[in-house]
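Chemist: Below is a structure I'd like to ask you about.
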Amino acid sequence: QVQLVESGGGLVQAGGSLRLSCAASGRTFNVYAMGWFRQAPGKEREFVAAINWNGESTYYADSVKGRFTISRDNAKNTVYLQMNLLKPEDTAVYYCAAYRGPYSDSVNRVLYWGQGTQVTVSS
């Protein structure tokens with residue numbers, strides 16, 4: 001079992017930045033590919049970014065490519081999402097995810113979820 005706890009969400013103006021953190025506890029963190037998903041009101045949960053177990057490979061949704069950066073620190077059992085040039089359409093609850101196997105843009109490949117952190121971008 002892995003417990004995931006997100007932090008760092010909040011309210012920011014368009015064009016601003018936020019950094020989300022996801023602290024993991026439980027079983028060995030560095031065996032898991034990790035990712036971030038988000039869910040806006042009335043919409044399905046969607047993929048944002050993912051990173052492999054050692055941080056050498058990353059994958060982004062087209063909507064955030066060039067603006068968001070995912071990273072991890074296995075010594076601290078933490079994965080990060082640096083979000084720059086935020087837009088109102090980035091407003092959502094952001095969820096940290098640990099994958100069953102390699103990373104993917106499918107929610108069905110996620111083994112563990114965090115509880116989510118709200119990000120609100122005002123125009």
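The values are calculated or read from the model by the stated rules, or taken from the named source; none is laboratory data. From a predicted model like this one, the values you see are computed outputs, not experimental measurements. Cβ coordinates were reconstructed from backbone atoms using ideal geometry, including for glycine residues, and neighbour counts include every protein chain displayed. Heavy atoms of the whole protein, side chains included, go into the accessibility calculation; ligands, DNA and RNA do not. Shrake-Rupley method; radii C 1.70, N 1.55, O 1.52, S 1.80 Å.
Chemist: Can you say whether ALA75 is among the small types (Gly, Ala, Ser) and either touching a Pro at 6+ places or on another chain (Cβ under 8 Å) or modelled with pLDDT under 95 (or both), as far as the supplied structure shows?
Modeler: Details: among the small types (Gly, Ala, Ser): yes; either touching a Pro at 6+ places or on another chain (Cβ under 8 Å) or modelled with pLDDT under 95 (or both): yes.
For ALA75, the condition - among the small types (Gly, Ala, Ser) and either touching a Pro at 6+ places or on another chain (Cβ under 8 Å) or modelled with pLDDT under 95 (or both) - is met.
Chemist: Then there's this: For the range 101-123, which residues satisfy the criterion of being open to solvent by 30 Å² or more (accessible area, probe 1.4 Å), under 18 Å from VAL5 (Cα atoms) and assigned to a loop (DSSP other than H, G, I, E, B)?
Modeler: Scanning the range 101-123 gives a single hit, GLN115.
Chemist: Same structure, new question: Being aliphatic (A, V, I, L, M), open to solvent by 10 Å² or more (accessible area, probe 1.4 Å), within 21 Å of ALA40 (Cβ to Cβ) and part of a strand (DSSP E or B): is that true of VAL93 here?
Modeler: Values: aliphatic (A, V, I, L, M): yes; open to solvent by 10 Å² or more (accessible area, probe 1.4 Å): yes; within 21 Å of ALA40 (Cβ to Cβ): yes; part of a strand (DSSP E or B): yes.
Against the criterion (aliphatic (A, V, I, L, M), open to solvent by 10 Å² or more (accessible area, probe 1.4 Å), within 21 Å of ALA40 (Cβ to Cβ) and part of a strand (DSSP E or B)), VAL93 qualifies.
Table: residues versus (1) over 18 Å from GLY15 (Cα atoms); (2) basic (Lys, Arg).
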residue	(1), (2)
LYS65	no, yes
ALA75	yes, no
LYS87	no, yes
ASP90	no, no
GLY101	yes, no
TYR112	yes, no
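Chemist: Name the pairs: first residue in the range 1-16 and closer than 11 Å to PRO88 by Cα, second residue buried (at least 17 other Cβ atoms within 10 Å of the Cβ) and among the hydrophobic types (A, V, I, L, M, F, W, C), Cβ to Cβ under 6 Å, at least 6 apart or on different chains?
Modeler: So the pair list comes out as VAL12/LEU18; VAL12/LEU86; VAL12/VAL121; ALA14/VAL121; GLY16/LEU86.
Chemist: What strands (runs of 3 or more DSSP E), lying completely within the range 1-69, carry at least 2 residues that are surrounded by fewer than 15 Cβ atoms within 10 Å (Cβ to Cβ)?
Modeler: The strands (runs of 3 or more DSSP E) meeting that bar are 2-7, 10-13, 18-26.
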